[in-house]
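So the structure is just underneath, and the comments pick up after that.
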């Protein structure tokens, strides 16, 4: 028998603590994901690993919460957990920055197994503690056998997440570095920990909260933690600038007279990168040296814009989405953007191309390879059609995709074949150039492969890309290799079926074939074993968790494709999703009573509604562009997308309170089981959908998969025996 606490925390204080936990969790997740992407020079797989690990580890914490009733003083445990929740994120950021090069060689790519282990090690402490706190709070509020307790905890956590998402995206991120902005939820949660500790007369957590607050204040006064921790990520280099923009963390360093630009840990460019600049410029410009207007999307700060002007271009438009890159270039490389003929458009390059009425003789895409869904937007059939509309008759589009170093692997062959096949949907002629990267020139006009002769004809003096260099690069055997690769079967790359970044993912995974296969097999076995043990209620919640993660990825992808990578818009979409979860949970929680059969019927009904809604998403998305055209503004489609996001999330949020009411177990253990199933489904959805399912099957296939998953869960619940719903002694 557990001893009574001197004073148990009130219901209000517990719910405020859960709101603080939700605010901290979303801010910590966003900051850590950005830090991990820097550490592992992230692609979509590493993003999926991060999100999947977050949900899975939090689910493990809620599963551990089944022992909450055995705690002698759960209120004091909540206070201690609140202190950890406040301080752990700061330690995790330091661990990522300092620990990456201790485990992996500096500059070397981490294997998928290394990324999984590193991500798990960093995230585990916070996620397990936060999950256990959610379950413990449910147990504490359910001590009077109140079925709605878990729903109120879920609601408070969701509302905190809404506030955290808004605060992170729109208030703190443009002004503070990751360590500084994480001090904001840290201070709030230390105050909440002190309140919990005071009510429960827990002197140790109270002392820890006070000491933590003093420590944060001292650290802020003593030195710049962000500066010296950033230096750990770039050994041997002098850090010149750190900017935390909405689009990434930009770091500028100097080493032996060379200035280096990094965004999210990935090298953007360095001064003296002659090959990249000259190949990007001279291959397309030599085809149309008399172009009067040129559009450059990304890369102009490296010196590409200045190199284009050597052709006497009267007007060059340089589209760059991240103002931090322009600010840093003007400060450290002012000569690259000083010419008055360079007109900088602070906009997403694709969005600018969609909206402009100008026509260009040459459009050059200076973006990196389409190894993520964000970059893939510049390599789809829809983008190529938009580029053709913005070109003058016979104008040239130039892009680069993949690197050819005297051998074309099967994975690289798919990249090359898909890129050329996609370009040929819009352009009559496509010329491939096996330079440092594989360059593609596309036009409805003629394209001359003798680029060395063209450059000499125009009298352009180059440092590297000259006849001798080109004779070696364009040797018959290298060009024949590219032609063989391009003739391989490959899918056309589109906005809603982005196969090209899947091919890049396979290309990256081909470096670690054995590890990748073992990880895939382990994931399949663990998922099958977990699903085999689930009863009806957790099974439905697992399906809705999978759907929540899946459809959030789908809607974000749709927003990127239709309206550009406007960060504020994406922030609104995420906020709308979290607000929908809170609204659905709040409404359902008010209806939760003591009748489990009614809750089960409601749970099954919402599963069917989710299935129908998931199936309806693809045709609804196809109507957004016509809606914008009819309204004369993109605001109509954006508002419709936000409303769709809110509605889907509300259905998912409504399931949680109903699930805890439908569970035959006592409220506390029921909440642990439901939370665990929700996080497990979300983990699998986050890992699989963005990395494999959308690229491989497209948005429609993913939505139909979610519809089928929810219908199967509902059907099994309808046709199951009473034992299928579980019992008070069963475990989920």
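Every number in this text was worked out from the coordinates using simple rules, so none of it is lab data. Note that the coordinates shown come from a computational prediction; the quantities given were computed from them, not determined experimentally. FYI the Cβ positions are ideal-geometry reconstructions off the backbone, even for glycines, and counts take in every protein chain you see.
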Notebook entry, point to check: What's the angle, to the nearest 10 degrees (0 to 90), between helix 203-222's Cα axis and the longest principal axis of the chain?
Noted result: 20 degrees
Next item on the list: May I ask what percent, to the nearest 5, of DSSP beta bridges between residues of the chain are antiparallel?
Entry: 65 percent
Check: So what is the relative contact order of region 194-310, in percent, for Cα pairs below 8 Å that sit 6 or more residues apart?
Finding: 11 percent
Item checked: Ellipsoid semi-axes in whole angstrom, largest first, where each is sqrt(5λ) of the Cα gyration tensor of region 273-493 -> 25, 20, 17
Item checked: Relative contact order for the chain, counting Cα pairs under 8 Å that sit 6 or more residues apart, in percent -> 17 percent
Checklist line | Per-residue Cβ neighbour rank within 10 angstrom, fewest leading, 332, 360 | finding: 332, 360
Item checked: For region 207-282: rounded, prolate or oblate by the Cα gyration tensor [a/c cutoff 1.5] -> prolate
Next item on the list: Which order do the peptides 400-413, 541-554 take when ranked by the mean count of other beta-carbon atoms within 10 Å per residue, highest first?
Entry: 541-554, 400-413
Next item on the list: Go ahead and estimate [θ] at 222 nm for the chain from helices alone: -39,500 (n - 2.57) per DSSP H run with n ≥ 4, summed, over the residue count, rounded to 500.
Entry: -21500 deg cm²/dmol
Next item on the list: With the convex hull built on the Cα atoms of region 364-436, state its orientation-averaged projected area in nm².
Entry: 5.0 nm²
Notebook entry, point to check: Among 238, 388, 535, which comes first, second and so on when ranked by fewest other beta-carbon atoms within 10 Å?
Noted result: 238, 388, 535
Checklist line | Helix 11-39 axis, angle to the chain major axis (alpha carbon atoms, nearest 10°) | finding: 30 degrees
Checklist line | Least to most buried among 256, 130 (fewest other Cβ within 10 Å first) | finding: 256, 130
Note to self: At a threshold of 8 angstrom on Cα-Cα distance, excluding pairs fewer than six apart, so keeping six or more, what relative contact order does region 299-427 reach in percent?
What the structure shows: 21 percent
Next item on the list: Starting from the eigenvalues of the Cα gyration tensor, five times each then square-rooted, give me the equivalent ellipsoid semi-axes of region 135-244, largest first, whole Å.
Entry: 35, 20, 11
Next item on the list: Over the residues of the chain, compute the C-alpha Rg and express it relative to 2.2 N^0.38 Å.
Entry: 1.01
Note to self: Need one word for region 304-377: rounded, prolate or oblate. Basis is the Cα gyration tensor (sqrt eigenvalues a ≥ b ≥ c); a/c below 1.5 gives rounded, then a/b vs b/c decides.
What the structure shows: oblate
Item checked: Using alpha-carbon coordinates, inclination of helix 476-486 to the longest axis of the chain, degrees -> 40 degrees
Next item on the list: Rounded, prolate or oblate: pick one for region 261-362, where a ≥ b ≥ c are the square roots of the eigenvalues of its C-alpha gyration tensor, a/c under 1.5 means rounded, and failing that, prolate if a/b is larger than b/c, else oblate.
Entry: oblate
